[in-house]
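Novice: Attaching a single structure in structure tokens format; questions to follow.
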């Protein structure tokens, strides 16, 4: 288990690790700008679409009776799902001492924070009167108006804000020793000051390390239940409703597994280009991908099992509404989306059972993108298909996405990548400290 | 004081300045977000107006010939709602959707706002003052009179019985003996003619559906447009009353299952144009079996050859069914009616003679058919006469044509070429309030005021004279038609002495003096007049009429119908209960009211049987060309099981080329492909005279509807119970299981508002939908938004096509609105308490608090919530109709039925003043108030004696989706199915 890192041709030393990671923080290249500027433009597109929507009315989105939630909530659940694997990789796998997490957990954590920042926009974007979104937060006010604690949407506000807080803290704390390392290398003033502040005066003393590792363990333990709770709460947005296709007890585990599934896929999608661009093959190794792929296989199976269970429960319940809903999913107006989901989430990951595929970067990249697509459609299917086909056949209807929703969705991806691009250029994307832990200790006085 | 001021360190003046500046800044800042609306008080308040307290005026609905008495609610000088006048024997306190929407005629933004005259120099219409306009008319008239061409003046109007008719007569007499034509597109000439042939009375009697137990309708769409639909529906409701396990029965014979057929117990899909044979066949059975109540005399000979077998071959109706209907018809208190514009073929008069024979032999004449109280529509000109007028016009024999409230260019077949005829008329004057197809050709437009702005009266039938009174001030620079005629004479020397009266009101009152002397001889006129204005209706007793068979009956020969034999499919066009002959098409509420069977809005369609559709490769939404020898029209297909495979049907009323923004360029006018053929005997237009071909165009688009599912997929939304089961006790409590609850049961102290809807009575007419739009300021959204299912109606009438045991079509309607659940799924999911359960059982909706998460709408199992996707703008002056008691919702908030909470509050306020509880029946919700069939009952469930409490325990009562346990406040009463016919 201790030989997860292949013996490198150019052996990794303490010095090389620091150098390699800090190299990533060099002045942005033209390539970086070529990525960053279009990203900003797409963020602008999303923002203009949102402004247009606020000034004109929510009617510019594709909503129609009886589908009152659509792409925005799909995006919300999708991004919350993406946010999951960050904490999973950094906290749970840390507790389980799964060492393949080590080289990727920083990227995963960054992804988590940015994904929550993206996800958090959507509940506001989707409001009919977004300027009143503060009313969803219980704050003391002279009118003595309070939120309705029975509403899952209020739980959602708590769950997401808590998750954002904890994952940000975890992200920043985990980075302290690394930032200190960067601080020591950096010369220019503004950067130096920023890194100095963020490193909280880290000196790397034994005493500090002792307390730091303890604290990190506790944070990991604290963050672990959140991985389960956040997406469980998100799933209650649906499971607490009585819409056929929503109202089911399987949702919390099903959503958590799906979230981890999509989150891992997203980590793979993101790390593959970074690994290539920054030549990090020695750090993010095929063994790492192999480990993640195995987790993907597991979660894919859970998700597939959930799809089957939903069908069986719908049939076994004898409820015409439930059964009608699931037959409609597979054969109705949205059948194409349903089968896209099944193929991407259950069929495609079968390839990962083969070791050759698990260790083939190109294949992994394609598979991970397909899983992302599949998981987006899973959320879309749960939300939109269920609402389209409820109890009263007199009120059935089919939803169509509008260009404003597409624009905002594209904008949200750009918004996420914008943060990510800034992140790889400003903060150490690979944990210097943890990599060093796995290296043979350099001989004293070696230099 | 001054000491203190000094001490405080700030002077009073400075303080006021600061306050002023601060306040001003705040005002400016706040005005950035939303425009501030000022409440402007009356500087000099008018007498008798208390702001906030409505006033009610009795009047008469002039949307069709039925003449329903109405009460118009006026708030602060504006008419805001029409309701039926309970004193009126016609409306019985109800109206139809057209009546509800009549205010949109009054406030229509496309109304002609002042007189216009054609300017020869600039070749266009230009505004002109009333004086000049009236003088122009008077001068032309007097010139014609002096040239001896006074008889070439024609006054063409709709059916205007009552005083206005005599004014026109007087005016025409004074101007040289011109002619007055009363033209109604649907004037039922064959009924009149058949009555002349059978009974020697060329009149239309009143049919008393309410007195019958068994109604046999040969195509008469009595729930939609036939004669007096609101009155008929009241009769229907009485007949459909379920008492002691018994109820009346209705058999409807028509090639197409119309809305009326859908409410019948049996729909007989007869071969088009052969209704007469079926009537004769039934009569044959009755006479042969000796079931008749009156000695048939000569009639026997007339029907003897029509044995069930012969009839069955001619009509494609099974012989057993003929015998069964005959037996039921003869043994019950029955009534046979006939007509229906849709089925008016070349042999329409013969059909009505056959229907008369049926009524006669079963002794219905004088009982359910009342000739003593005939309808005023009997007096209208026949199609033949109108056709002759058009020919006269074409020949240049009409020097001056005054068009009033009719639109012949739209309502006459294009084969008649009215356009060319109009071009040959010397001078056309239009009194129309709208620029429609016909008045576009006028050289002088003198816009008349709406019936809500003018005095008048109307006599829908002999026994009833109904008042028309202004319910508000003129909106535009218009005059009532009576005043136009009277003051036109005043502006010319030679005509000056025509009338002694100066206004139409004086003329009207002098006519009413005679009415008063006859009806209430002992009463002073001003007392009588006031009483009439309050009541709205004066009834005049009519002597009973003895009706006997006329010898003319011997001459009748029952001819087969004549069709232009070019096409494969019989072509039916039927009058729409929303637009009638197209006059309703400019009212957005009616355009947006989903048609009962298709749920289509804002457009036309053609109904095609599924077999025919699959043969031609058509689907709902396919565009198809309907070709007759005269031309073609192109519209979208609606695949409909309720039509014979050899027949296609297009509704009438759309296809305007003018008539305002809401009507123009929408749908098709079927009259463009109908020949100008008529029924030989009555000279009535033969609407059913053509066979057409369908040509697939290959184009396809969404046929915009409000409901796309056809069936309820066994989900027991609209339930039915067989009469047999109902009369036994075994069905009861089948579905009333007790469900365990997590939360304690809700307790209500004084009120639990609840509703009952009787599906056996609901006809799907949509009057409640339109009334709800009017009462609750519901915006109309237009076709493109309805295509996105964003119609805002708080009530929708769901329509499901089910199958009877014998495979025949069973159409069910169920009005779906907020159920005000005791255990409402929408309430717990709202994060901000914008929707909540109020102590009286109402599911409240706080618009101000709503942030628009729309979770409530997702979680509503009845899907009755509507979201404001946009800020809906209602063009002025349509917005004058808005009810000041109801908030106009802004974009981004949810809304839904409130059970007319403003009416509840108003009633509670009144009750509180008198220190009592609200009494049963003290107020009604808008939908309950309007429902012509009394299907809706609203009230307080706590009050054990209330109707709603009693009905909630009715054997037929059920809650929709009961198993979800939302505990809805609405109990539906199951539709009653008769045993197989």
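Novice: Can you find, within region B:820-848, the residue that is farthest from residue B:740 (Cα to Cα) among those that are assigned to a helix (DSSP H, G or I) and at the interface with chain A (Cβ under 7 Å from one of its Cβ atoms)?
Specialist: Restricting to residues being assigned to a helix (DSSP H, G or I) and at the interface with chain A (Cβ under 7 Å from one of its Cβ atoms), the top hit is B:829.
Novice: Has region A:276-286 got any residue that is surrounded by 22 or more Cβ atoms within 10 Å (Cβ to Cβ) and either at pLDDT 90 or above or assigned to a loop (DSSP other than H, G, I, E, B) (or both)?
Specialist: Yes, region A:276-286 has at least one match.
Novice: Any idea which residue in region A:361-383 is surrounded by the fewest Cβ atoms within 10 Å (Cβ to Cβ), counting only those that are free of Cβ contacts under 8 Å to residues at least 60 places away in the same chain and closer than 17 Å to residue A:67 by Cα?
Specialist: Taking the candidates together, the pick is A:381.
Novice: Any chance region B:906-914 includes a residue that's in contact (Cβ under 8 Å) with a residue 24 or more places away in the chain and either in contact with a strand residue (DSSP E or B) (Cβ under 7 Å, 6 or more places away or on another chain) or in a loop (DSSP other than H, G, I, E, B) (or both)?
Specialist: No.
Novice: Shifting gears a bit: Pairs needed: first member in region B:84-109, on the phi > 0 side of the Ramachandran plot; second member anywhere, surrounded by fewer than 24 Cβ atoms within 10 Å (Cβ to Cβ); C-beta distance under 6 Å; at least 6 residues apart or different chains.
Specialist: Cβ pairs passing all conditions: B:92/B:234; B:93/B:86.
Novice: Now for a separate question. Would you pick out the residues in region A:144-182 that are within 12 Å of chain B (Cβ to nearest Cβ), surrounded by fewer than 20 Cβ atoms within 10 Å (Cβ to Cβ) and in contact (Cβ under 8 Å) with a residue 60 or more places away in the chain?
Specialist: A:155, A:158
Novice: In region B:852-867, which residues are facing chain A (nearest Cβ under 7 Å) and assigned to a loop (DSSP other than H, G, I, E, B)?
Specialist: B:852, B:853, B:854, B:861, B:862, B:863 - these are the residues of region B:852-867 that are facing chain A (nearest Cβ under 7 Å) and assigned to a loop (DSSP other than H, G, I, E, B).
Novice: Considering (1) in contact (Cβ under 8 Å) with a residue 40 or more places away in the chain; (2) within 12 Å of another protein chain (Cβ to nearest Cβ); (3) closer than 24 Å to residue B:889 by Cα, say which one residue A:73 fails and leave the rest.
Specialist: Evaluating residue A:73 over (1) in contact (Cβ under 8 Å) with a residue 40 or more places away in the chain; (2) within 12 Å of another protein chain (Cβ to nearest Cβ); (3) closer than 24 Å to residue B:889 by Cα leaves (3) as the failure.
Novice: Taking the stated definitions as given, is residue A:114 away from chain B (no Cβ under 14 Å) and under 18 Å from the mean Cα position of the chain (by Cα)?
Specialist: Yes; evaluated as a whole, the condition is true for this residue.
Novice: Here's another thing I want to ask about it. Condition (residue is farther than 18 Å from residue A:258 by Cα, out of contact with any strand residue (DSSP E or B) (no Cβ under 6 Å at 6 or more places or on another chain) and in a loop (DSSP other than H, G, I, E, B)) applied to region A:362-372: is it met by at least one residue?
Specialist: No: zero hits.
Novice: Within region B:571-579, can one find any residue that is in contact with a strand residue (DSSP E or B) (Cβ under 9 Å, 6 or more places away or on another chain), part of a loop (DSSP other than H, G, I, E, B) and under 28 Å from residue B:183 (Cα atoms)?
Specialist: yes
Conditions (1) surrounded by fewer than 23 Cβ atoms within 10 Å (Cβ to Cβ); (2) within 14 Å of another protein chain (Cβ to nearest Cβ); (3) out of contact with any strand residue (DSSP E or B) (no Cβ under 6 Å at 6 or more places or on another chain), marked per residue:
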site	(1), (2), (3)
B:667	no, no, yes
B:695	yes, no, no
B:698	yes, no, yes
B:723	yes, no, no
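Novice: In region B:791-818, which residues are assigned to a loop (DSSP other than H, G, I, E, B) and touching a helix residue (DSSP H, G or I) at 6+ places or on another chain (Cβ under 7 Å)?
Specialist: Correct list: B:791, B:793, B:794, B:795.
Novice: On the given criteria, is residue A:141 within 7 Å of another protein chain (Cβ to nearest Cβ), on the phi < 0 side of the Ramachandran plot and more than 27 Å from the chain's Cα centre (by Cα)?
Specialist: Judged against the criteria, residue A:141 is not a match.
Novice: Considering each residue of region B:417-443, count those that are out of contact with any strand residue (DSSP E or B) (no Cβ under 8 Å at 6 or more places or on another chain) and more than 27 Å from residue B:587 (Cβ to Cβ), and give that number.
Specialist: Total meeting the criteria: 5.
Novice: Under 6 Å between Cβ atoms, at least 6 apart or on separate chains: pull out the pairs that start in region B:821-846 with a residue that is at positive phi and end on any residue that is surrounded by fewer than 23 Cβ atoms within 10 Å (Cβ to Cβ).
Specialist: If the second residue must be surrounded by fewer than 23 Cβ atoms within 10 Å (Cβ to Cβ), the pairs left are B:833/A:148; B:841/B:748; B:841/B:752.
The values are calculated or read from the model by the stated rules, or taken from the named source; none is laboratory data. Computed from a prediction, not measured in an experiment: that's the story for all the values here. Using ideal geometry, Cβ is built from the backbone for each residue, glycine included, and neighbour counts are taken over all protein chains shown.
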